[in-house]
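Please read the structure below before turning to the comments.
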Amino acid sequence: MNNSGGVREAAPAHLRFEGVGTFKDEFDLTRYPTDVMSVLGAGGEVDAVKLAMARGIRSGNELSDLIFFGRHPERSGQSISSTEPNFTQLSREWLDIHDRVVRPVLTAPPATETALETDSSDTELAHEVWERENERRGPEHVRWVQRSLNLVMGLRLPLDGVAGPATRSAVRSFQARHALPISGTIGADTEHALRTTYSGIGFRSRARRRRSWRPEGAGAGPVHEAMEDEMAQVQPELGGAGATLRVVDRPFVLSQIVAGERDPNKLTNRVFFLRHKDLRGRRIAPGETALKQEWLSILRDIVQPALASVGLRTTRASGPAAVGGGAVAEALRIAKREVPGMPGTTIETLVERWRSSICPEIPRSILFAFIKYESGGKFTDATHGSEKSGWTSPSFYELGLFQTPGGLHGRCTSRDWESCEFKPPGREVPGDRSTWVKLCAAIKADPQQWTNPTTQVRVGLLDLEIGARGLRKDFPELFPKPGSDWDLRMAVLYRFSRGGGYARSFLRLYRRQLAAMPEEQRWRFLRDKTVTASGGAARAFKGENVEEKMALAAKLGYVLT
């Protein structure tokens with residue numbers, strides 16, 4: 001292959017072989033400037049080539065390798081081996097990059113100014129013009145320009161208030177994209193285009209930002225210093241235009257990944273706090289359900305797909321800040337707690353002993369998030385309604401570790417089940433046995449020994465599994481993959497929290513729409529839906545109980561599948 005000057009270059013790094021399946025060297029992406037990798041990660045391959053050229057890289061092969069390994073980070077710079085099954089396909093892709101992406105830039109007429117180039121005498125003059133123009137407004141205006149360019153182009157310009165070469169190159173690139181005169185300076189037309197590219201972006205002084213960041217009321221919560229430092233690098237001036245940010249969320253996440261951030265929690269936080277500057281990095285409060293769901297949506301719909309798209313595992317994706325370390329610590333303490341009457345056996349060991357045979361598709365992390373929120377790990381727990389309902393609703397006991405539905409508790413006067421008319425496991429109605437009694441019969445256990453740990457675990461897991469299987473059987477096209485994220489949310493957790501009939505009412509009404517969309521979109525689709533019950537009352541979906549458990553499960557190690 002020839003470069004633009006007609007001099008034959010060495011074979012590209014990914015095609016150099018010493019022997020079959022043995023390669024001489026690897027391609028190191030980490031040696032390239034952060035701004036080049038940020039543009040590449042945001043999907044701007046042509047702009048990345050231009051910027052790399054501006055940094056002195058003129059080899060067509062090296063530029064082609066840059067784009068190729070940017071597309072395939074899972075290879076970690078590994079050269080293509082002739083023994084690979086897809087050797088031909090990958091080689092063709094490299095050649096296509098060279099011919100369709102790199103070569104046109106290399107062979108562009110010199111008279112055509114590229115949007116990203118190094119300083120020259122004319123750009124130095126432009127710098128002087130810009131400096132004179134900004135003397136009246138100071139570095140704050142340049143910082144606003146840098147923040148705005150980071151937002152609209154997925155870059156990581158330093159917010160130093162200095163109109164240096166990188167900032168002016170980004171300005172020229174922006175001007176080229178918007179058919180503006182390529183001057184490298186922010187005149188009235190360029191500033192107007194930058195302000196209006198995404199509505200709500202605008203320059204505000206430091207004093208005004210401080211006023212707008214002032215927490216309202218004492219309940220605003222503490223500002224985390226680490227998040228505040230992090231946000232100083234990524235937070236744009238949005239003026240409350242959070243909705244428009246969704247347009248650039250994915251490029252921004254990709255640019256962060258390319259820059260070295262791999263933690264899904266941190267990536268999710270960065271997107272979330274870009275949308276919600278007013279929160280100043282504080283944790284989501286327990287009652288802020290909408291914010292919690294938005295955080296989870298960012299994680300599920302933007303961050304995890306972005307990580308997967310570049311060949312990275314979405315590991316250890318935690319829930320939103322509302323699921324704090326206390327909940328995680330409590331769940332872990334429950335798992336390691338010794339089972340009453342079984343010396344040397346932890347709850348985790350007992351649950352895992354039966355999980356593997358009863359419901360292997362339900363991850364351990366999901367089960368311990370469930371146990372933490374449902375029973376707190378208490379084998380003696382016999383929930384009998386709530387104080388708000390006067391201990392009347394529901395009318396049956398929820399027993400033990402997995403809160404399996406038992407018999408009727410009758411009239412109760414306090415939180416203690418000892419105050420109830422019928423003691424656990426409750427009064428059975430002839431012809432309508434409780435789930436507890438039915439499943440005890442199935443495993444040949446005595447239902448009266450309701451505090452028996454092994455019986456509780458076996459019955460509790462069977463209740464979750466049999467209920468999920470019922471939904472999978474009735475709606476096979478909606479649940480083809482037991483254990484998928486959608487299956488765990490709807491067939492396992494939602495079915496338990498709201499009841500099988502409640503879950504079926506939504507699945508029946510929206511069956512066609514759900515079947516027509518990818519699984520990862522279904523839960524979000526149902527969030528704001530309602531159905532009309534047989535008596536005419538409207539039923540809202542209400543998935544907060546599930547969201548809370550999934551958020552904790554994520555912090556316990558659950559990974560989206």
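The values are calculated or read from the model by the stated rules, or taken from the named source; none is laboratory data. The structure presented is a predicted model; accordingly, all values stated were derived computationally and were not measured. Every residue, glycine among them, receives a Cβ derived from its backbone with ideal geometry; neighbour counts consider all protein chains shown.
For residues in the stretch 409-431 being surrounded by 13 or more Cβ atoms within 10 Å (Cβ to Cβ) and more than 46 Å from the chain's Cα centre (by Cα), which is farthest from Tyr397 (Cα to Cα)?
So, considering only residues that are surrounded by 13 or more Cβ atoms within 10 Å (Cβ to Cβ) and more than 46 Å from the chain's Cα centre (by Cα), the one farthest from Tyr397 (Cα to Cα) is Glu421.
Within the stretch 432-469, restricting attention to residues that are within 18 Å of Cys359 (Cβ to Cβ) and small (Gly, Ala, Ser), which residue is surrounded by the most Cβ atoms within 10 Å (Cβ to Cβ)?
Ranking the qualifying residues of the stretch 432-469, first place goes to Gly460.
Checking the structure you have, find out if any residue of the stretch 523-530 is closer than 17 Å to Phe368 by Cα, buried (at least 19 other Cβ atoms within 10 Å of the Cβ) and touching a residue at least 12 places away in the same chain (Cβ under 8 Å).
Checking the stretch 523-530: not a single residue is closer than 17 Å to Phe368 by Cα, buried (at least 19 other Cβ atoms within 10 Å of the Cβ) and touching a residue at least 12 places away in the same chain (Cβ under 8 Å).
Would you point out which residue out of Gly56, Gly6 is at pLDDT below 50, part of a loop (DSSP other than H, G, I, E, B) and either outside the structural domain of Phe252 (by TED's automatic domain parsing) or among the small types (Gly, Ala, Ser) (or both)? Reasoning before the result, please.
Values: Gly56 fails: at pLDDT below 50.
Residue meeting the stated conditions: Gly6.
Do we find a residue being within 22 Å of Glu352 (Cα to Cα), free of Cβ contacts under 8 Å to residues at least 60 places away in the same chain and touching a helix residue (DSSP H, G or I) at 6+ places or on another chain (Cβ under 6 Å) anywhere in the stretch 470-480?
No, the stretch 470-480 has no match at all.
From the list Thr383, Thr392, Thr346, pick out the single residue that is within 13 Å of Thr454 (Cα to Cα) and either touching a strand residue (DSSP E or B) at 6+ places or on another chain (Cβ under 7 Å) or at pLDDT below 90 (or both).
It is Thr346.
Which residue is nearest to Met37 (Cα to Cα), if the candidates are limited to the stretch 129-156 and must be modelled with pLDDT of 80 or more and of a type in the set (A, V, I, L, M)?
Once the filter is applied, the top-ranked residue is Leu149.
Looking at Val20, Val49, Val36, which one is at pLDDT below 70, in the same structural domain as Asp99 (by TED's automatic domain parsing) and of a type outside the set (Gly, Ala, Ser)?
Val20
Identify the residue in the stretch 74-89 that is surrounded by fewer than 16 Cβ atoms within 10 Å (Cβ to Cβ) and not polar (S, T, N, Q) and, among all such residues, is modelled with the highest pLDDT.
Taking the candidates together, the pick is Pro85.
Residue-wise test of (1) surrounded by fewer than 17 Cβ atoms within 10 Å (Cβ to Cβ); (2) in contact with a Cys (Cβ under 6 Å, 6 or more places away or on another chain); (3) at pLDDT below 70; (4) among the aromatic types (Phe, Trp, Tyr).
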position: Asp229; (1), (2), (3), (4): yes, no, yes, no
position: Gly242; (1), (2), (3), (4): yes, no, yes, no
position: Arg246; (1), (2), (3), (4): yes, no, yes, no
position: Asn269; (1), (2), (3), (4): no, no, no, no
position: His276; (1), (2), (3), (4): no, no, no, no
position: Pro305; (1), (2), (3), (4): yes, no, no, no
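Filter the stretch 347-382 down to residues that are outside any helix (DSSP H, G or I) and among the β-branched types (Val, Ile, Thr) and give me whichever is surrounded by the most Cβ atoms within 10 Å (Cβ to Cβ).
The qualifying residue surrounded by the most Cβ atoms within 10 Å (Cβ to Cβ) is Ile362.
Count, please, the residues in the stretch 185-205 that happen to be at pLDDT 75 or above and either assigned to a loop (DSSP other than H, G, I, E, B) or under 30 Å from the mean Cα position of the chain (by Cα) (or both).
4
Please go through the stretch 355-394 and give me each residue that is over 31 Å from the mean Cα position of the chain (by Cα) and in contact (Cβ under 8 Å) with a residue 60 or more places away in the chain, ordered by number.
Within the stretch 355-394, Phe379, Thr380, Ala382 meet the criteria.
For the stretch 335-346, give me each residue that is in contact with a helix residue (DSSP H, G or I) (Cβ under 6 Å, 6 or more places away or on another chain) and not charged (D, E, K, R).
Matches in the stretch 335-346: Ala335, Val339, Thr346.
Do you know which of the residues in the stretch 140-164 that are touching a residue at least 24 places away in the same chain (Cβ under 8 Å), of a type in the set (A, V, I, L, M, F, W, C) and not in a helix (DSSP H, G or I) is surrounded by the fewest Cβ atoms within 10 Å (Cβ to Cβ)?
Leu159
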